[in-house]
Structure formats: C-alpha cells, structure tokens
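Contents: one structure, followed by commentary.
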Amino acid sequence: MKQEYVPYVNDLIELAIKEDIGDGDHTSLASIPHDERGRMKLLIKQEGILAGVEVAEMILRRLDPDVKFEKLLDDGSHVKPGDIAFYVEGRLISLLQAERILLNVMQRMSGVATQTAVYVKELEGLKTKVFDTRKTTPGMRVLDKMAVKIGGGENHRMGLFDMILLKDNHIDFAGGVYNAIMKVHKYLKDKGKDLKIEVEVRNLDDINEVFRAGGVDRIMLDNFTPELTREAVALIDGRAEIESSGGITLKNMREYAECGVDIISVGALTHQIKSLDMSLKAC
C-alpha cells in the first residue's frame, strides 16, 4: 500500500468501527467470554480476483493488536470457491467485531478488481491502458482505486486536488477551450503549482483550440465515435496523451483502443460492480 494512502485507510477503518460497533458488540459480549481466543479462516466462495487482504489485516490489528495473521494468498491472486485467503487467531470478540467490516471491504474490493481484470484482458496486446474515474463510493475512493490497481488497471487522478481536468462545464463557464486553458496557466503560475493539465474536447475544432493555447498534457475525447477518434488521433499526432471516455463499453472498447488512444477511462470499474462472495468462518 502506498504510504500516502495509509491515513485515508485508517480514517475509513475508524468510521467503519464507529458505525458498526458503536458502544459495543452486545451479542458477542453477552455470549463469548472476554478473553477467549479462537481461529477463523477467510473462505472464498466465488471465482475472481482477490483484493483487500492488506486492509483486512489492518482492520484485525486495529481491534486486536496481538492477533496472529497467517496470509495464504496475496492481493491480486486469482481465486476460486474453496480457496482460503488467510487464517487469523486472536480474541474471539475482536474477530467477531472485525468480521463484517473486513468482509464489506474485501468483497467490494475483490469485486472491483475482478471487474477491472475483465476490462484489462479485453485490451490484451494493445498499448491502451484502462483507467478508473472519480465515480467511486464516497469515503471509499482509496480502496476502490487500490482495487483497480490490483485488478491490473490504472488510476486517474485521486480527486480534484492532484490534477487539472477541464471538463465541458468548466469550458462553457470559462468562455471556451482557449480561455479556460489560459486561465489555468495563469492560476498555476500565480499559485506556484505544478499540476498536469487535461482538457475534455467535444470535436476536432476543440483540439485545434487546445494546441493554440498550448501546455496541455492530455486530451480527453468525450463521446467520440470510433471514426472521429481515428481522425482525432491523427490530428493530435503524438503531441499529447489521448484518453477516450463516454459511451465506451466492454463490447466496443477494443475498437476504440485500436484507434490508437493511450487511455480508456471506465466509470463502470467502480460504480457498476458485483461484490465477490466470501465468508469468515470458525476453524
């Protein structure tokens, strides 16, 4: 896990504990002796790509610092029903408190990783990379983006703070592509910031405006047809990275990639997923 992600993950774990445990897991407290120890296993019940093992260990250690964690499978492993991802031993009350929290995290992350792997495989043999978007579950963006990487995809910007991305509304409110880009250059200079600049374009004329302004790192072709995408790639001619977005599905993404774009961004990686089935069982 990238070090810059750790604070976000720790904050998410604290929130998950607060919302699930509150003032106590009264079922476990009432039925399990306080110091009784036990062992559990993470059982896989569906084929896919495993993700979230590292985060699960963080959750367990937050609730029981003395827990014994025996990892059998790494994040990114291809799993099938009956596989065991890890064993964990510790205070039973802590393990039971962690159960639903870590399953919620791992099932979702594994679902994202599994879906991402399907999209990545569709572009096998081509230079085009599959990127995620900001269409993530609020509060879980770091985990969603970690899962995309585990599934073989790449991350777009984390948020509004780490890249300039001029989209249609920015451009319309700023008075056009050229004006928007020039305002960005002034802002970055005034603030002393060094951020990459991407601009969304809706037609070939917009692309010419991008190069009239200059200083743009990536151009996003928004809702272009494959035919228009090929024209745009020829017009850009290597002067900027090219991203295709909008109206792209698993069925047509290879056709877009074969036009020569560098990136295809897919919101469905994180907002149209099915969680991977797994359970934490006594053993």
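The values are calculated or read from the model by the stated rules, or taken from the named source; none is laboratory data. For clarity, every value in this text was computed on a predicted model and none was experimentally measured. Neighbour counts run over all protein chains shown; Cβ positions are idealised from the backbone, glycine included. With ligands, DNA and RNA removed, areas are computed over all heavy atoms of the protein, side chains included. Shrake-Rupley method; radii C 1.70, N 1.55, O 1.52, S 1.80 Å.
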| field | Failed criterion for PRO138 (all others in (1) outside any loop (DSSP other than H, G, I, E, B); (2) surrounded by fewer than 22 Cβ atoms within 10 Å (Cβ to Cβ) hold) | value | (1)
| request: Would you point out the residue of region 141-166, among those that are under 9 Å from the mean Cα position of the chain (by Cα) and open to solvent by 50 Å² or more (accessible area, probe 1.4 Å), that is nearest to GLU243 (Cα to Cα)? | output: GLU154
| message | Filter region 204-223 down to the residues that are more than 29 Å from the chain's Cα centre (by Cα) and not acidic (Asp, Glu) and list them by number. | response | LEU204, ASN208, PHE211, ARG212, ALA213, GLY214
| task | Could you tell me whether region 6-16 includes any residue that is outside any loop (DSSP other than H, G, I, E, B), open to solvent by 40 Å² or more (accessible area, probe 1.4 Å), of a type in the set (S, T, N, Q) and modelled with pLDDT under 95? | result | no
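Residues checked against (1) modelled with pLDDT under 95; (2) under 21 Å from the mean Cα position of the chain (by Cα):
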| site | (1), (2) |
| --- | --- |
| GLU231 | no, no |
| LEU235 | no, no |
| ARG239 | no, no |
| GLY246 | yes, yes |
| MET253 | no, yes |
| THR270 | no, yes |
| LEU276 | no, yes |
| LEU280 | no, no |
| message | Quick check on region 262-275. Is at least one of its residues of a type in the set (D, E, K, R), closer than 21 Å to LYS196 by Cα, open to solvent by less than 70 Å² (accessible area, probe 1.4 Å) and part of a loop (DSSP other than H, G, I, E, B)? | response | yes
| region 55-114, residues that are aromatic (Phe, Trp, Tyr) and surrounded by fewer than 17 Cβ atoms within 10 Å (Cβ to Cβ) | PHE69, TYR87
| note | Restricting attention to region 218-241, the residues that are in a loop (DSSP other than H, G, I, E, B) and open to solvent by 60 Å² or more (accessible area, probe 1.4 Å) number exactly 5
| How many residues are more than 28 Å from the chain's Cα centre (by Cα), surrounded by 14 or more Cβ atoms within 10 Å (Cβ to Cβ) and hydrophobic (A, V, I, L, M, F, W, C) if we restrict to region 167-180? | 3
| remark: Note on HIS34: of the conditions (1) surrounded by 13 or more Cβ atoms within 10 Å (Cβ to Cβ); (2) farther than 16 Å from SER110 by Cβ, unmet is (1)
| query | What tally of residues in region 30-70 results from selecting those that are touching a helix residue (DSSP H, G or I) at 6+ places or on another chain (Cβ under 6 Å) and part of a strand (DSSP E or B)? | reply | 5
